[in-house]
Amino acid sequence: MPREDGRRPDEIRPLAFQSDFQLHPLGSVLAVCGRTRVICAVSLEEKVPSWMKAQNVSGGWITAEYQMLPSATNTRGEREVTKGKLSGRSAEIQRLIGRSLRAVVDLEKLPGITLHVDCDVIDADGGTRCASITGACAALEIAAKKLVDQGVIPEWPLKARVAAVSVGIVNGEPLLDLCYTEDSAAEVDMNVIMTDQGRFVEIQGTGEEATFSDEDLEKLLALAKSGLKQLFAEQTRITGRANG
């Protein structure tokens, strides 16, 4: 049965990533997944967090921030800076983005530097954390190439690429890459973060007033893997280089 946007159950939303979207960051990507759009940018700071110095930890660091613009949804949201604190949702998502990126980077090859990854959602129609991770990895790869070319770091730091996609069960049917209306109606909602080497970084799966079986899980993971192949291909296209 076709979905509201005409896609098949196993079809990912149209992808249209754009590299070097901003002028000033080392690497930036506009990640477009259907009607969800996220600006992902990587900036350099030539020092490491104080805790690394205090604990005598070598190498460098990668940290992420995630925000939604007030106009990203159909009803205006208040800026979190106006509230004076980060929402629990934003804090959880930016930690996830940071974990996902650090999982595929050899931090020893970023000596004495911190890479700040900013993910700003300009339009939200479901899957914003997944688009953020996928776009951020591409932006990080663009930034890493510049750092190597400029001699700031001596070696290629990425061990693999990472991408993320949502899957879920809606009206009893497993679906790939949920838009907002599907996500809000899902009996089971799951985000799958994997490397291009086929290894899991994280799986976030929840039964929303429902349960799911081993068979359901296998179907959802198979859908996710098929969608991730397309996301890795899009990363390859916009970074213009094979995985380092």
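The values are calculated or read from the model by the stated rules, or taken from the named source; none is laboratory data. Fair warning: this is a prediction, and the values are worked out from it, not measured in the lab. Here the Cβ is made from the backbone with ideal geometry for all residues, glycine too, and neighbour counts use every protein chain on show. Areas reflect the complete protein model, heavy atoms only, side chains present, ligands, DNA and RNA absent. Shrake-Rupley method; radii C 1.70, N 1.55, O 1.52, S 1.80 Å.
When the accessible area of the chain is split by element with a 1.4 Å probe, what percent falls to carbon and sulfur?
48
Peptide packing: for 15-24, 134-143, 209-218, 32-41, the average count of neighbouring Cβ atoms within 10 Å per residue gives the ranking 134-143, 32-41, 15-24, 209-218, highest mean first.
At most 14 other Cβ atoms within 10 Å and a DSSP loop assignment: could you name the trypsin sites (Lys or Arg not before Pro) in region 47-124 that fit? Mind dumping the intermediate values first?
On the way: sites: LYS47, LYS53, ARG76, ARG79, LYS83, LYS85, ARG89, ARG95, ARG99, ARG102, LYS109; in loops: LYS47, ARG76, ARG79, LYS85.
Taking region 47-124 and a limit of 14 other Cβ atoms within 10 Å, the loop trypsin sites (Lys or Arg not before Pro) found are LYS47, ARG76, ARG79, LYS85.
Given R0 = 41 Å, the distance between the Cβ atoms of ALA185 and GLN55 translates into a calculated FRET efficiency of 0.35. Candidates SER213, ASN171, GLY112 compared by Cα position along the dipole of region 98-244: farthest toward the positive end lies GLY112, with charges placed on Cβ.
A Förster radius of 51 Å, combined with the Cβ-Cβ distance separating SER213 from LYS83, puts the computed FRET efficiency at roughly 0.80.
Taking a straight line from the alpha carbon of LYS219, these lysines sit under 20 Å away, with near neighbours fewer than eight places off in the same chain left out: LYS229.
Given +1 at the Cβ of Lys and Arg, -1 at the Cβ of Asp and Glu and no other charges, the dipole of region 158-244 around its Cα centre is 920 debye to the nearest 20.
How much area per residue is accessible in the chain when the probe is 1.4 Å and only protein heavy atoms are counted (Å²)?
49
Listed cross-link partners LYS83/LYS109; LYS83/LYS146; LYS47/LYS145; LYS47/LYS146; LYS47/LYS159; LYS83/LYS159 are compared with a 27 Å cut-off, the Cα-Cα value being larger for LYS83/LYS109; LYS83/LYS146; LYS83/LYS159. Taking the Cα centre of the chain as origin and assigning +1 to Lys and Arg Cβ atoms and -1 to Asp and Glu Cβ atoms, the resulting dipole is close to 880 debye.
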